[in-house]
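The values are calculated or read from the model by the stated rules, or taken from the named source; none is laboratory data. None of the values given here were measured: they were computed from a predicted structure. Every residue, glycine as well, gets a Cβ built from its backbone with ideal geometry; the counts of neighbours run over all protein chains shown.
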Amino acid sequence: MTSGTYDAIVVGGGLHGCSVALHLAQRGLSVLVVEKDTVGRHASGVNAGGVRRLGRDPAEIPLSQAAMEMWWRIGDWLGDDCGFQVSGQLKVAETAGELAELEARARQVADLGYDHEELVGPDELFRLAPALARHCTGGLVSRRDGFADPFRTTRAFMRRAREAGAEFLEGTAVTAIERRGGAWTVRAGEYRLSAANLINCAGGWGAGLAAWLDEAVPAETAAPMLMVTAPLPPFVEPVIGAQGRALSFKQTGAGTVVIGGGYRARALPEENRTELDFRELKLSARTVAELFPIMRQADIVRCWAGLEAITPDGIPVIGPSAREDGLIHLFGFCGHGFQLGPITGRIVADLLTSGQTDLPIAPFAVDRFAG
Amino acid sequence: MAAAIDLGIIGAGPAGLSAALTAAELGLEVHLFDDGPSPGGRIFKALEAAPADRRWYPGDDHARGADLLNRFRASDVRYHPETTVWSVSRERELGLAAGGRAWLLPARAVILAGGAMERPWPFPGWTLPGVMTAGAAQVLLKTDGMVADGPALFAGAGPLLYLIAAQYLAAGATIAALLDLAPAGNARAALGRLPGALRAPHYLRQGLALRRRLRRAGVPLIRRVTDLEARGGGQVETVSYRAAGRRTEVAARHLFVHMGLLPNSNLAASLDLPHDWDQGRLCWRPRLDGWGASELPWLAIAGDGYDIAGAVAAERRGELAGLWAAEGLGRIDVAERDRRAAPIHRRLNRELAVRPFLDRLFRPPLEDLAKLDDAITVCRCEMVSAGDLRGALALGCGEVNQLKALTRAGMGRCQGRQCAGTVAQLIAAETGRPVADVGGYRMRGPIKPIPLASLAALETGDD
Ligand SMILES: Cc1cc2nc3c(=O)[nH]c(=O)nc-3n(C[C@H](O)[C@H](O)[C@H](O)COP(=O)(O)OP(=O)(O)OC[C@H]3O[C@@H](n4cnc5c(N)ncnc54)[C@H](O)[C@@H]3O)c2cc1C
Ligand SMILES: Cc1cc2nc3c(=O)[nH]c(=O)nc-3n(C[C@H](O)[C@H](O)[C@H](O)COP(=O)(O)OP(=O)(O)OC[C@H]3O[C@@H](n4cnc5c(N)ncnc54)[C@H](O)[C@@H]3O)c2cc1C
């Protein structure tokens, strides 16, 4: 194959690209995913795996809720459980003031008609997470959230998409895109491809791709860092966040503890690289040592970072181009797009097959930053 | 940031010591970091404190080591023992840890002289207590004068196997047999390289002398051994192997394995420096120029980390890197550097002459790794078996880092140092690609584990 025509070409083989491919293929559309490296090589394969509704921007809650329904039956759907576990997610308050903030948040979510975020006092907090430092004052829990294995998940989507008929082209970057006679022509390595629809799932490179297509989005590419410890005996079940600090904290089935929260490495998307910043990881380590005294004995064995697009308002771009027909953007997930993976593909499939979707995507419009 | 030191050197083996002495003599402020308690690296490990009888260990080059260490002690190199370098950043900062502290220290130039590691070699029974690398046995010998109780078996391929066995013998231990796993075709293939090797005849003489010594002591030297296997319940009880068409099983409580050396490249890899596959030595090597300088103008590599070529070559490479640093930091000009380097290059080339011969003679049967039984553990940290890895390969993941993500192989404390080669070999075999295309694990600091508490109190030098 050095040429080919598809209903849709997806640029980027992260979780969102794979999800789009799966949903489109399941609806009988021909689809090709073009990935410059390997599928799951970037954010989708290296993230913290948090499957979290807790604390989402109100605009994201309907999508997150719909995605959650899909996570709960992910094994049946994909034929791979993706390492998904319902562990609960818990956001901790360390002061009375923070607890009041969480209380307000719980009210806000309830007023929107959702009941997944539940305020808990110290007793329930320490029952849920006995290893927490005793100065904590309470928390907000979403009991049926959890976490999954990110790389395995992304590959499971890819596999299922393939089985449904989607094609993947790895190790090949899209280097030129042209709009010609109502269709897109795409150059990728030695390939010359065309499609009626183009889906921008280029992750940390998504804003660059949009800019190429004359649709500037003021997103920056950042590189959130993670670190992981040597195995410890099991001591905490839910995934832990904090109201007053940057933290995401979970103990995996292997006993290792994965620590993140948004501290950033240097992002070098042009070079496909990141460089760790230990000054920032120090802050992350300090947070953990203060919240979990048991962690003071832990050894850090590995640190890494992934590239991700961050928008000014902290929510992604999801939806049709404001300039071109047959172009859909899906990027800028701001460090929390993993959980949304299952649903974004459905949204794109809805848009391509019926021109609309029942999920409220207006807040994610690509042109919201203009003017 | 704290004030930058001139030159930071990682590793106090022959390469690091020589680099430090050369650079300090030319006026640089040199700091030398090593995670061990005393200087000397592998060959001169604990030499200063060694009892007199160790002087007679073959291959220890006691006099040369003592001289190097004396000059080092008399120099004004700042030596930091028991200090682990867990990171080197592109911002030229070293991440250091010692005594529960961790700190960052900027340096104007850096030389990596972290030496080599023994090539990990899984085989049936390799995780049984009683099986260890010959190098690990040597550490016990050199630091505590300890030898195993009861008869020991040595097995593997490489000049060091014979050397360490002979040292063991000299220390009074009993060796049940030495099993040479170098494949049958090696000797013939190496023959063509013998003329070049004759430029460094002392190596050949030493090699022959070692064999003689072992033979005289009655140690059976069994060649062309295949199908090595350690058997036993909680501990090795017997070792089984095939030689001359027969399977043999012998009683042994200890099996010391050595399959050659690999450059210790975690720091270089964590800097994303380019590495090339060396088909002659069957290992990855950092891409460097003749001085050891990398594509980062402030970073060089010397010694075994550059190229496995023995302790004398390591000293020469260290000296060259020391000159490189002195020139780079303006202490000498290029002409002076080159003038001083000329005789060093000549001596180095003599040392290197023997390598193509030795590399070929002792080339390990790397392909065997791809034939491991499914049940055999490949990644010991995370207990991932060959079968687990093949299962992941069957899911369509044909790259080392993908297998890591799927199986956890390489995610443990050693950061994949132990399993990377085997995983690559398995992938190469299953996908029909050369191992050079398969690649290695992406490496990130900390390249050695650091306590979270130390990181939380990291001294950044910023205030
Ligand atoms: C460290 C870290 C931790 C995180 N933790 C969580 C978490 O706990 N929970 C959560 O919900 N989210 C989390 N996230 C966010 C989540 O990982 C991302 O939002 C999500 O994976 C984005 O998926 P994607 O498919 O858009 O991007 P990616 O996975 O980055 O995929 C985009 C792909 O596009 C390819 N590409 C780019 N340009 C081209 C081109 N021109 N041609 C071909 N291919 C191209 C890239 O190579 C890349 O593979 C985290 C992110 C990071 C970095
Ligand atoms: C197990 C083993 C045993 C050997 N025994 C002999 C022998 O008996 N005779 C012989 O001729 N050759 C021996 N060799 C070969 C020997 O390595 C070389 O001949 C020579 O010592 C290489 O010198 P070097 O300076 O490059 O490295 P080395 O001598 O290995 O010195 C490297 C030093 O760097 C330190 N180091 C590495 N990484 C870090 C870090 N991140 N932070 C702090 N310190 C670090 C190490 O602890 C070590 O002290 C042996 C090699 C190995 C691996």
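Residues that are outside any helix (DSSP H, G or I), closer than 19 Å to B:Pro58 by Cβ and not polar (S, T, N, Q) do not occur anywhere in the stretch B:189-199.
Could you grab me the full set of residues in the stretch B:418-463 that are among the small types (Gly, Ala, Ser), closer than 25 Å to A:Ala305 by Cα and away from every other protein chain (no Cβ under 13 Å)? Full working, then the answer.
Going through the stretch B:418-463, the residues among the small types (Gly, Ala, Ser) turn out to be B:420-421, B:424, B:428-429, B:432, B:436, B:439-440, B:445, B:453-454, B:456-457, B:461.
Next cut, closer than 25 Å to A:Ala305 by Cα only: B:420-421, B:424, B:439-440, B:445, B:453-454, B:456-457, B:461.
Passing the criteria: B:Ala420, B:Gly421, B:Ala424, B:Gly440.
Counting only residues that are in a strand (DSSP E or B) and either away from chain B (no Cβ under 14 Å) or within 16 Å of ligand 2 (Cβ to nearest atom) (or both), the stretch A:173-223 holds 26 of them. For beta carbons closer than 6 Å, sequence separation of 6+ or different chains, a first residue in the stretch B:48-59 that is touching a residue at least 24 places away in the same chain (Cβ under 8 Å) and a second that is more than 16 Å from ligand 1 (Cβ to nearest atom) and in a helix (DSSP H, G or I), the qualifying pairs are B:Tyr57/B:Gln167; B:Tyr57/B:Ala170; B:Pro58/B:Ala166; B:Gly59/B:Leu163.
Where helices (runs of 4 or more DSSP H) fall wholly inside the stretch A:1-96, the ranges with 1 or more residues that are within 16 Å of ligand 1 (Cβ to nearest atom), within 17 Å of the chain's Cα centre (by Cα) and away from every other protein chain (no Cβ under 14 Å) are A:15-26, A:61-72, A:74-78.
Matching residues to (1) away from chain A (no Cβ under 14 Å); (2) surrounded by fewer than 21 Cβ atoms within 10 Å (Cβ to Cβ); (3) of a type in the set (A, V, I, L, M, F, W, C); (4) closer than 27 Å to B:Gly328 by Cβ:
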residue: B:Asn70; (1), (2), (3), (4): yes, yes, no, no
residue: B:Arg108; (1), (2), (3), (4): yes, yes, no, yes
residue: B:Leu112; (1), (2), (3), (4): yes, no, yes, yes
residue: B:Gly150; (1), (2), (3), (4): yes, yes, no, no
residue: B:Ala155; (1), (2), (3), (4): yes, no, yes, no
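Entry remark, the stretch A:259-305: residues being among the acidic types (Asp, Glu) and assigned to a loop (DSSP other than H, G, I, E, B) number 1 in total.
Here is the figure for the stretch B:371-403: residues that are within 12 Å of another protein chain (Cβ to nearest Cβ), surrounded by fewer than 22 Cβ atoms within 10 Å (Cβ to Cβ) and of a type in the set (S, T, N, Q) total 1.
Identify, from the list B:Arg380, B:Arg360, B:Arg355, B:Arg317, the residue that is closer than 21 Å to B:Gly40 by Cα and not polar (S, T, N, Q). Give the derivation first.
Working: B:Arg380 fails: closer than 21 Å to B:Gly40 by Cα; B:Arg360 fails: closer than 21 Å to B:Gly40 by Cα; B:Arg355 fails: closer than 21 Å to B:Gly40 by Cα.
B:Arg317 is the lone residue from the list that is closer than 21 Å to B:Gly40 by Cα and not polar (S, T, N, Q).
Under the condition of being of a type in the set (A, V, I, L, M, F, W, C), within 14 Å of chain B (Cβ to nearest Cβ), over 21 Å from A:Ile9 (Cβ atoms) and away from ligand 1 (no atom under 11 Å from the Cβ), the residues counted in the stretch A:132-172 number 2. When the stretch A:315-328 is limited to residues that are more than 25 Å from A:Arg273 (Cβ to Cβ) and within 19 Å of the chain's Cα centre (by Cα), the one that is nearest to ligand 2 (Cβ to nearest atom) turns out to be A:Ile315.
From the list B:Gly391, B:Gly398, B:Gly421, pick out the single residue that is in a helix (DSSP H, G or I) and either among the charged types (D, E, K, R) or over 24 Å from the mean Cα position of the chain (by Cα) (or both). Spell out the reasoning first.
Values: B:Gly398 fails: in a helix (DSSP H, G or I); B:Gly421 fails: either among the charged types (D, E, K, R) or over 24 Å from the mean Cα position of the chain (by Cα) (or both).
After applying the criteria, what remains is B:Gly391.
All of (1) under 16 Å from B:Ala311 (Cβ atoms); (2) surrounded by 18 or more Cβ atoms within 10 Å (Cβ to Cβ) hold for B:His62 with one exception: (2).
Here A:Ser248 passes the criteria (1) out of contact with any Asp or Glu (no Cβ under 8 Å at 6 or more places or on another chain); (2) surrounded by fewer than 19 Cβ atoms within 10 Å (Cβ to Cβ) except the one numbered (2). Of the strands (runs of 3 or more DSSP E) lying entirely inside the stretch B:30-134, the ones with 2 or more residues being among the hydrophobic types (A, V, I, L, M, F, W, C), farther than 18 Å from B:Leu267 by Cβ and modelled with pLDDT of 95 or more are found at B:131-133.
Listed conditions (1) under 20 Å from B:Trp86 (Cα atoms); (2) in contact with a helix residue (DSSP H, G or I) (Cβ under 8 Å, 6 or more places away or on another chain); (3) small (Gly, Ala, Ser) are all met by A:Ala219, apart from (1).
Results for (1) over 28 Å from A:Trp304 (Cβ atoms); (2) touching a Cys at 6+ places or on another chain (Cβ under 8 Å), shown as yes or no for each residue.
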site	(1), (2)
B:His345	yes, no
B:Asn349	yes, no
B:Arg363	yes, no
B:Leu366	yes, no
B:Ala375	yes, no
B:Cys379	no, yes
B:Glu382	no, no
B:Ala394	no, no
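Taking the stretch A:269-324 as the range and being more than 10 Å from chain B (Cβ to nearest Cβ), closer than 25 Å to A:Ala230 by Cα and crowded, with 21+ Cβ neighbours inside 10 Å as the test, the residues that pass are A:Leu291, A:Gly306, A:Leu307.
Results for (1) in contact with a strand residue (DSSP E or B) (Cβ under 8 Å, 6 or more places away or on another chain); (2) of a type in the set (Ser, Thr, Tyr); (3) within 16 Å of ligand 1 (Cβ to nearest atom); (4) under 19 Å from B:Glu118 (Cα atoms), shown as yes or no for each residue.
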{"site": "B:Asp144", "(1), (2), (3), (4)": "no, no, no, no"}
{"site": "B:Ala155", "(1), (2), (3), (4)": "yes, no, no, yes"}
{"site": "B:Ala177", "(1), (2), (3), (4)": "yes, no, no, no"}
{"site": "B:Ala184", "(1), (2), (3), (4)": "no, no, no, no"}
{"site": "B:Arg188", "(1), (2), (3), (4)": "no, no, no, no"}
